[in-house]
Amino acid sequence: MRARTRTARQAVVLAAVASLGAGLLAGCADDGNSASPSESGGGGGKTTITLGLFGTMGFKEAGLYTEYEKLNPKIKIAENVIERNENYYPALLNHLTTNSGLQDIQAVEVGNIAEIVGTQADKLEDLSKAPGVDKSAFLDWKWAQATTTDNKTIALGTDVGPMAICYRKDLFEAAGLPSDRAAVGKLWAGDWNKFVSVGQQYKSKAPKGTTFMDSPGGLLNAILSSEKEKFYDASGEIIYKTNPAVKAGFDLTAKAAKDGLVGAQTQFQPSWDTTIANSKFAAMACPPWMLGYIKGKSKPEAAGKWDVAVAPKSGNWGGSFLAVPKSAKHAKEAQALAAWLTAPAQQAKLFAVQGSFPSAQAAYTSPEVTGAKNDMTGTAPIGEIFAEAAKSSPVQVIGPKDQIIQQGLTDNGVILVTKGKSAKEAWETATKTIDNNLEK
């Protein structure tokens, strides 16, 4: 549930707390609650395994540490949490470069995994050989993201962000559109252009003061999440300015913005929060973690008014990994713990409590997934919907600077169209901003 690769803005997103069945969709942790384990390990003859994490990854909250310690009485687990990935990742990169100051297990965000695989793989254990790890249990594309060209898998996937569309049934009905999730999905099946066309239909009879979708950034993220190549090609070259899929997605989003089909807000800002609270839009791009944000920012009367439909094309938005440094104090024990935490049974438990959707496809038939419900979406079979999206998502090329490019296109690009700029002007501003940041 790693919202847009956990930039500072996304860390705020993840602070939202929402129920998922009897559990919670939770977000970023308070650093004040983080453990500060000693270097000497646990007391009483126990071995302390330390984890370096960012945000709330949910292992402790889901009771997984306690369960593992009961199964392994000589093990003690302590996590060291930094709230924002923008603060966590530079430190991790520095520690890997110097091969010092590393925890036994280190989390890696999906937006950073390509850089870690490409530049730091020799500092990390090959977890494909760790006891208990079953490659076939994971989604192929998730496994591939953390695998080197010489076939070493240096991190195990924790969660993914399969894309769906969350929509307000009452607003769709008021605009003369169907509200049944199967019928809604058919409106735009296979084509983001159809999705925007549905937005035009919505606008023609839209309830006063509402837009079809929440924001231009949300639309562009959704479109690009369904492309195999977006910012980098398979050889590692930056192609975002020459990739026709990126430009087409940008132009389609700009058209939607110009036509007033999307709100004039940047996602995860206070003004955007207000549009959720006041029911100012009818649909939004919706990976599983977004349900927590909807719950956290909605008024109580919105419960049950949302539903979830299949997106025009399958895609992924978010996700993380666990890696074990070779220099870890307890590398052997850490590998066993990382394998256990990412095993299907534990991923299913994490989803039930925390809303982190499993990257282990073997978990998709578990009751915690198949029976999952959410307060905001009522009886919608969210586990089944997200599972199908996850299984059909493309194996996407992830580049080392995806975060910079993505944020430039959204927060310094398509949002400008809602403020009167042309699509051409917005594109030029975005690419200039991105190129300047890439040179730093």
Percent antiparallel among DSSP beta bridges confined to the chain, rounded to 5, stands at 70
Computed over the chain: longest principal axis from alpha-carbon atoms vs helix 244-258 long axis, angle to nearest 10 degrees, is 50
Computed over the chain: longest principal axis from alpha-carbon atoms vs helix 402-411 long axis, angle to nearest 10 degrees, is 30
Expected vector for region 166-171, Karplus 3J(HN,Hα) from phi with 6.51, -1.76, 1.60 and θ = phi - 60°, integer Hz, x for Gly and Pro, equals 8, 9, 8, 4, 5, 6
Fewest to most Cβ atoms within 10 Å: Ser136, Ser298, Ser392, Ser327 sort as Ser136, Ser392, Ser327, Ser298
Asn87 and Lys129 label points (each 7 Å along its Cα→Cβ direction) are spaced in nm at 3.7
Sequence order, region 288-301: Karplus ³J(HN,Hα) from phi using 6.51 cos²θ - 1.76 cosθ + 1.60, θ = phi - 60°, Hz rounded, Gly and Pro as x, gives x, 5, 5, 4, x, 5, 4, 4, x, 9, 8, 7, x, 5
Straight-line reach check, Lys123, cutoff 18 Å on alpha carbons, 8 or more apart in-chain or any other chain, hits among aspartates and glutamates -> Asp104, Glu109, Glu115, Asp150, Glu333
Amide H contacts under 5 Å for Gly161, restricted to residues at least 5 apart in sequence or on another chain and with H modeled in the peptide plane, are Trp317, Gly318
Protection proxy (average C-beta count within 10 Å per residue), highest first, orders 152-158, 369-375, 235-241 as 152-158, 369-375, 235-241
For region 124-268, shape from the Cα gyration tensor axes a ≥ b ≥ c, cut at a/c of 1.5 then a/b versus b/c, turns out prolate
Classified through the alpha carbon gyration tensor (a ≥ b ≥ c as square roots of its eigenvalues; rounded if a/c is under 1.5, else prolate when a/b is larger than b/c, else oblate), region 308-415 comes out oblate
If one compares the long axis through the Cα atoms of helix 216-225 with the longest principal axis of the Cα atoms of the chain, the angle in degrees, nearest 10, works out at 60
Once amide hydrogens are built 1.01 Å from N within the peptide plane, the residues lying 5 or more places from Thr377 or on another chain with amide H under 5 Å from its amide H are Gly304
Checked against a 22 Å limit on the C-alpha separation, the offending pairs among Lys46/Lys349; Lys142/Lys391; Lys230/Lys401; Lys46/Lys70 are Lys46/Lys349
Under the Karplus relation with 6.51, -1.76 and 1.60 and θ = phi - 60°, whole-Hz ³J(HN,Hα) for region 48-64, x at Gly and Pro, equal 8, 9, 9, 10, x, 10, 10, x, 9, 8, x, 4, 5, 4, 7, x, 6
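Each value in this text was obtained by applying a stated rule to the coordinates, not by laboratory testing. The shown structure was predicted, so the numbers you read here are calculated from the model rather than taken from an experiment. Don't worry about glycine lacking a Cβ; one is built from the backbone with ideal geometry, like all the others, and counts go over all protein chains shown.
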